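Asker: Dropping a structure here in structure tokens format, bear with me for questions.
Laboratory data are not the source of any read-out in this text; all were calculated from the coordinates shown. The model shown is predicted, which means the values in this text are computed figures rather than measured ones.
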């Protein structure tokens with residue numbers, strides 16, 4: 001019985017350390033962000049249907065008016081929201097080759113709507 005409690009304590013400590021490491025990446029890099037909830041990230045209100053995704057994004061945008069970009073966690077995935085128009089132009093024009101693989105919005109790559117600039121995949 002004692003060994004089982006030790007293994008449970010080790011497992012809980014490992015999970016806590018994993019999430020602490022995972023959700024501190026923006027802090028280590030100096031990116032402003034809303035503090036995430038373990039497992040859900042910043043999606044807790046959306047999952048529980050308290051907030052709409054659009055309201056959540058607008059709140060994040062309005063919470064940091066002086067920042068050029070802000071961070072957000074969608075579950076365990078990091079997401080950067082760029083707020084500065086000059087930075088958006090630089091990314092979209094000059095540094096476009098560094099941002100090839102975008103998240104797929106549509107399930108089929110054969111769809112007419114999936115063949116747009118924001119759904120392209122790199123080689």
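Asker: Assuming 0.36 nm per residue, please report the length gained on full extension of the stretch residue 37 to residue 1 beyond their Cα-Cα distance.
Answerer: Gain on stretching residue 37 to residue 1: 9.8 nm.
Asker: In nm², what is the average projected area of the convex hull enclosing the Cα atoms of region 1-83?
Answerer: Projected area, direction-averaged: 6.5 nm².
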